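J.: Can you keep this structure in mind? I'll have questions shortly.
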Amino acid sequence: MTTKFLLRTFFFLLIAIPASISDIRKFRIPVVYVVAGIVVFVFADIAEFILLETKTCSFFYNHIAAALSSLLVYFAARVFSGNGLGKGDILFGLFSALYTGFYANMAATVFAALVGILFYLFLKVVQNKFHEENILRPIFVIPFVPFITAGALLSQFLL
């Protein structure tokens, strides 16, 4: 693991952990932190391009493609879920994409969805086991930022 990777991961977690905790507790994400994280990653990428040996356009295309695809996927999920996915989740998905890059972000999105679905199913089983009435009703909402965080970390460490 390179120093760059460790620094990016540390900074990602510096934003992701408080955002996840806030999403779990309040279903609100500190947008200021996420926007600051996006700005820092963008400036770090620009600085790396200018100051270091990364002089290829594919470097920028990777991060631009990651950001745009993340916005598209999470916005589509928001539309098709009837606004079930919040605006903060979309912003956090963008932040996560800047951390991971394009290909790892596609895997991170799949990982986040799978872990979120498994968590939801687990809670559904627990709810059915401890509630005597088996009335079909919506379970509840789940915070999605922790799953985006988990998906990003899984994609970075497994791929």
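J.: Taking only the stretch 92-151 into account, find how many residues are of a type in the set (S, T, N, Q) and modelled with pLDDT of 80 or more. Walk me through it before giving the result.
T.: Looking only at the stretch 92-151, we keep the residues that are of a type in the set (S, T, N, Q), and these are 96, 100, 105, 109, 127-128, 134, 149.
Imposing the further condition that a residue be modelled with pLDDT of 80 or more reduces the set to 96, 100, 105, 109, 149.
Of the residues in the stretch 92-151, 5 are of a type in the set (S, T, N, Q) and modelled with pLDDT of 80 or more.
J.: Let me ask another. Give Ser81, Ser70 a once-over and let me know the one that is of a type outside the set (A, V, I, L, M, F, W, C) and exposed (fewer than 13 other Cβ atoms within 10 Å of the Cβ).
T.: Ser81
J.: Within the stretch 74-86, restricting attention to residues that are small (Gly, Ala, Ser), in a loop (DSSP other than H, G, I, E, B) and on the phi < 0 side of the Ramachandran plot, which residue is modelled with the highest pLDDT?
T.: Checked the stretch 74-86; the qualifying residue modelled with the highest pLDDT is Gly86.
J.: Let me ask something else about it. Criterion first (more than 18 Å from Gly86 (Cα to Cα), of a type in the set (Val, Ile, Thr), in contact with a Phe, Trp or Tyr (Cβ under 9 Å, 6 or more places away or on another chain) and in contact (Cβ under 8 Å) with a residue 24 or more places away in the chain) does Val34 satisfy it? Please lay out each step first, then the result.
T.: Values: more than 18 Å from Gly86 (Cα to Cα): no; of a type in the set (Val, Ile, Thr): yes; in contact with a Phe, Trp or Tyr (Cβ under 9 Å, 6 or more places away or on another chain): yes; in contact (Cβ under 8 Å) with a residue 24 or more places away in the chain: yes.
For Val34, the condition - more than 18 Å from Gly86 (Cα to Cα), of a type in the set (Val, Ile, Thr), in contact with a Phe, Trp or Tyr (Cβ under 9 Å, 6 or more places away or on another chain) and in contact (Cβ under 8 Å) with a residue 24 or more places away in the chain - is not met.
J.: Now a separate question. Considering only residues of the stretch 92-111 that are among the small types (Gly, Ala, Ser) and surrounded by fewer than 24 Cβ atoms within 10 Å (Cβ to Cβ), which is farthest from Val42 (Cα to Cα)?
T.: The residue in question is Ala107.
Here's the yes/no breakdown for (1) under 17 Å from Leu153 (Cα atoms); (2) assigned to a loop (DSSP other than H, G, I, E, B):
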site: Phe11; (1), (2): yes, no
site: Ile29; (1), (2): no, yes
site: Val32; (1), (2): no, no
site: Ala36; (1), (2): no, no
site: Phe43; (1), (2): no, no
site: Leu72; (1), (2): no, no
site: Gly88; (1), (2): no, no
site: Met106; (1), (2): yes, no
site: Ala113; (1), (2): yes, no
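J.: Of (1) out of contact with any His (no Cβ under 6 Å at 6 or more places or on another chain); (2) surrounded by 14 or more Cβ atoms within 10 Å (Cβ to Cβ), Asp45 satisfies all except one. Which?
T.: (1)
J.: Let me ask something else about it. Restricting to the stretch 76-89, name every residue that is of a type in the set (A, V, I, L, M, F, W, C) and more than 16 Å from Ile29 (Cβ to Cβ).
T.: Pass one, the stretch 76-89, residues of a type in the set (A, V, I, L, M, F, W, C): 76-77, 79-80, 85.
Once the filter is applied, which keeps residues that are of a type in the set (A, V, I, L, M, F, W, C) and more than 16 Å from Ile29 (Cβ to Cβ), the stretch 76-89 yields Ala76, Val79, Phe80.
J.: Which residue pairs have Cβ atoms closer than 8 Å, lie 6 or more positions apart in sequence or on different chains, and pair a first residue in the stretch 103-115 that is closer than 17 Å to Ile90 by Cβ with a second residue that is open to solvent by 50 Å² or more (accessible area, probe 1.4 Å)?
T.: Ala108/Leu154; Thr109/Val73
J.: Can you pull out every residue in the stretch 102-124 that is in contact with a Ser or Thr (Cβ under 9 Å, 6 or more places away or on another chain) and either on the phi > 0 side of the Ramachandran plot or not small (Gly, Ala, Ser) (or both)?
T.: Phe102, Tyr103, Asn105, Met106, Thr109, Val110, Phe111
The values are calculated or read from the model by the stated rules, or taken from the named source; none is laboratory data. None of these values were measured; they are calculated from a predicted model. Cβ coordinates were reconstructed from backbone atoms using ideal geometry, including for glycine residues, and neighbour counts include every protein chain displayed. Protein only, heavy atoms only, side chains kept; ligands, DNA and RNA dropped before computing areas. Shrake-Rupley method; radii C 1.70, N 1.55, O 1.52, S 1.80 Å.
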